[in-house]
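Below: the structure, in structure tokens.
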Amino acid sequence: MTQPHFLSLGIKRKKICQLLFLVIPTILGFVITLALIHFFLFNEDKKNLYSDLDKMNLESQALYNEVMSALSSAKLDDNQLCSSDNLKKMRTALWKDKYIKDIAHIKNNQIICSASWGILKDPISLPKEAKKLTKNFKHWKNIPDPFTKKTNINMISIDHTLISIKKNLVNKYYYKIDHNNNIAFELKTFNYIFRHYGSTSPNVLIEAKTGMTLTSMTEKECSDNNQCIIIQNNKMGLLGLSDSNLLIAMIVSIISGLTLSYILFLSRTRHKSLLQHLKRAITNGDIYLEYQPKLCLRTFQVTGVEALARWHDKTFGKVSPDVFIGLAEKHDLMEKLSHLVVHRALQDMSPIMKKYPDISLSINLSMKDISQGQILCFINEQAERHQIAHDRVIFEVTERTNDGVDLIEGPVAEFTKTGYKISLDDFGTGYANLSWLSKIQPHEIKVDKIFTQSIGTESINQNMLNAIFLMLQKLDATVVFEGIETQEQLDYLTSLSSEAMGQGWLFARPMKTNQLENYLQTKKAKNKCHSERIAKGSLSTTRLSN
Ligand code: C2E
Ligand code: MG
Ligand code: MG
């Protein structure tokens, strides 16, 4: 049988979506990893560039100083040109020099003597200079050594003194530059380039603005005597990698993209199957309840219990209510779940409430449950069946969104008209606490545990707790502090109010009904003891004794 057209279209679309869910995270992971590698390498290149620039600048500065001292050694005061005194001074200067190869004198464009060669029998004619910087200042670039003709050197002449310079300035960097044709550098004075290395043409480098782009960087450092070093790397980060290293970076990025895609795939399938398991658990009634006592902070008398849903799945283990309630809310399962909770809570607590007539039962409901209103009939029916008075049941609501604030007023009024009490849960953390307060006028307000747990810390929440409490005092509602875990928190809260209620691990954790019965039994005896002591005035501050 062939499928209808719209059905096969739907399947096709689903398959495309599934494919996109795999492809998009892979590409995203690939791009992000590659970008991170580039960023890391770029930073390393940047550090190297700055350090090379500093080192080159130091070297060029040292060369400048040597040239200056060579010039002053060759100066003719009382000395004659190429006299033995003159040559001696030049030799002494040359001996210490690191960059200068020889100091010589020139006459009529010929070298007549030098510190290394002494007075020349046959003067050597100078080749044509590369640049005449001033009338008396000339420069030769990369010419064969006039004395040996073996190696290439650079020379400068000022007046009658000629200085030949070894090519070892920034020698260490030549190596790097020769092997890495991304880097170029230049040593220049004003606009005259003494040295230029690298693939970039000198003009490009001179005109290059300092700064960086995504793939290149140019930096310049000038000394007081106008010697400048410009250095440029035009293949930073990934672009500067060798082919084999680039391949490794690509492979790592592909693996990271695939891993991201796989993790998302796993979490989606887990989410999907968690949802399936939750649906089954609700249908099979596998959600059970635990009960956490709520006490009067002054007398420690138990005034009620809160029913808290629990789910222990065979595959996923214990799933937190924050997870499965959130999932149920998102996938429209709350109605079924809340029916189950109401049914269980009233059934479980009916015998206990008969035995302890002062105890109330709090049940958490979602806003949707209340605003849709159908659950009220079911609650009435169950309350009647288990013979529980309406005013002993409190429904706790949390404002998770701002959407329903106008819609909730009427349905809540229906609940209160029927005799049930309403509690505003997790006060201080939701969306519209104050507007909710004015709309639903709750019987009880439960201040969220984040405020209780801020007591004794530097957190701003503690100041907010004081402010919240001052405000709540003005309302006609019972205040319950959630999440009391320590004696310090209890002391602080009792100092705020003697009328408040509290709930927390300091008193009791959520428990099953049989444990609750034992707890209430022992508590009754203790309360009696406490009230006696209070009556005798022996208990000045409230302190929890186990
Ligand atoms: P909630 O209604 O504010 O419940 C109080 C939560 O604080 C419970 O977490 C409780 O176990 C925990 N708690 C109590 N005392 C302490 C304490 O001293 N320290 C700390 N750290 N925690 C404490 P639980 O059971 O995990 O429930 C989480 C939330 O899930 C509940 O917050 C409620 O909003 C929701 N929930 C639980 N059961 C139901 C239910 O049957 N229906 C609905 N709609 N929501 C439920
Ligand atoms: Mg609650
Ligand atoms: Mg709460």
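In vacuum, with every alpha carbon of the stretch 285-515 counted as one equal point scatterer, what does the Debye formula give for log10 I(q)/I(0) at q = 0.08, 0.13 Å⁻¹? Two decimals, please. Reported log10 I(q)/I(0), two decimals: -0.28, -0.78.
Where in the stretch 433-469 is the amide nitrogen less than 16 Å from a point lying 7 Å along the Cα-to-Cβ axis of residue 495? So the set is 452-459, 462-467, 469. Excluding same-chain neighbours fewer than eight residues apart, the aspartates and glutamates reachable from residue 354 by a Cα-Cα span under 15 Å are 384, 391, 517. About its Cα centre, the dipole of the stretch 1-149 is roughly 680 debye, where the only charges are +1 on Lys and Arg Cβ and -1 on Asp and Glu Cβ.
Here's how it looks for residue 216: its modeled amide H is under 5 Å from those of 236, which are all 5 or more places away or on a different chain.
With both labels modelled 7 Å from their Cα along Cα-to-Cβ, the residue 380 to residue 20 distance reads 4.8 nm.
Quick one, can you get me the convex hull of the C-alpha atoms of the chain expressed as volume per residue in Å³?
312
Given 318/368; 294/474; 355/449, which pairs have Cα atoms separated by over 24 Å? Over 24 Å apart, Cα to Cα: 318/368; 355/449. 3J(HN,Hα) along the stretch 308-325: 10, 6, 10, 9, 10, 9, 5, 7, 8, x, 6, 9, 5, x, 4, 7, 6, 5 Hz, from the Karplus curve 6.51 cos²θ - 1.76 cosθ + 1.60 with θ = phi - 60°, whole Hz, x for Gly and Pro.
Kindly provide the helix-only [θ] at 222 nm of the chain, computed as the sum of -39,500 (n - 2.57) over DSSP H runs of four or more divided by all residues, to the nearest 500 deg cm²/dmol?
Working: 15 runs with 255 residues, N = 546.
It lands at -15500 deg cm²/dmol.
Take every Cα pair under 8 Å whose residues are at least 6 apart in sequence, average their separation, divide by the length of the chain, and the relative contact order is 11 percent.
What are the ³J(HN,Hα) values, in whole Hz, obtained from phi via the Karplus relation 6.51 cos²θ - 1.76 cosθ + 1.60 with θ = phi - 60°, for each residue of the stretch 94-111 in sequence order, with x given for Gly and Pro? Result, ordered by residue: 5, 4, 7, 6, 9, 9, 8, 8, 7, 10, 9, 10, 10, 9, 6, 6, 10, 7 Hz. Taking packing as the residue-averaged number of other Cβ atoms within 10 angstrom, the listed peptides 67-74, 446-453 run from highest to lowest as 446-453, 67-74.
Amide H contacts of residue 360: 304, 305, each under 5 Å away and 5 or more positions distant or on a separate chain (H built 1.01 Å from N in the peptide plane; Pro and chain starts excluded). Taking all protein chains as they are arranged and a probe of 1.4 Å, the heavy atoms of residue 340 leave approximately 30 Å² accessible to solvent.
Distance cut-off 20 Å, Cα to Cα: go down the list 128/149; 132/188; 141/188 and report the pairs above it. Mind showing how you got there, number by number?
Numbers: 128/149 15 Å; 132/188 14 Å; 141/188 13 Å.
The answer is none of them.
Each peptide in 12-22, 209-219, 305-315 was scored by the mean count of other Cβ atoms within 10 Å over its residues; highest first, the order is 305-315, 209-219, 12-22. Cross-link partners for residue 96 among the aspartates and glutamates, with Cα-Cα distance under 16 Å and sequence neighbours closer than 8 places in the same chain left out: 59, 66. Under 5 Å from the amide H of residue 194 lie the amide H atoms of 187, 188, 189, each residue being 5 or more positions distant or on a separate chain, with H modelled from the backbone and absent for Pro and chain starts. The 3J(HN,Hα) values that the Karplus relation (6.51, -1.76, 1.60; θ = phi - 60°) gives for the stretch 406-415 are, in residue order, 7, 7, 7, 3, x, x, 5, 4, 4, 4 Hz. Gly and Pro appear as x. Can you give the FRET efficiency for residue 457 and residue 13, using 1/(1 + (r/R0)^6), R0 = 60 Å, r = Cβ-Cβ distance, to the nearest 0.05? Approximately 0.70, to the nearest 0.05. Compared with the dominant principal axis of the Cα atoms in the chain, helix 513-535 is inclined by about 80°.
Pairing the Cα long axis of helix 5-73 with the longest principal axis of the chain, what angle in degrees results, from 0 to 90 and rounded to the nearest 10? Long axis of 5-73 versus the principal axis of the chain: about 40 degrees. Counting only protein heavy atoms and a 1.4 Å probe, tell me what percentage of the stretch 239-375's accessible area is made up of carbon and sulfur. Here it works out to 59 percent.
Surface analysis of the stretch 285-515 yields an accessible area of 46 Å² per residue, using protein heavy atoms and a 1.4 Å probe.
The values are calculated or read from the model by the stated rules, or taken from the named source; none is laboratory data. All values reported here derive from a predicted model rather than from experimental measurement. Because the Cβ atoms are built from the backbone with ideal geometry, glycine has one as well, and the counts that use them run over all protein chains shown. Each accessible area value is taken on the protein alone, full model and side chains, heavy atoms only, with ligands, DNA and RNA left out. Shrake-Rupley method; radii C 1.70, N 1.55, O 1.52, S 1.80 Å.
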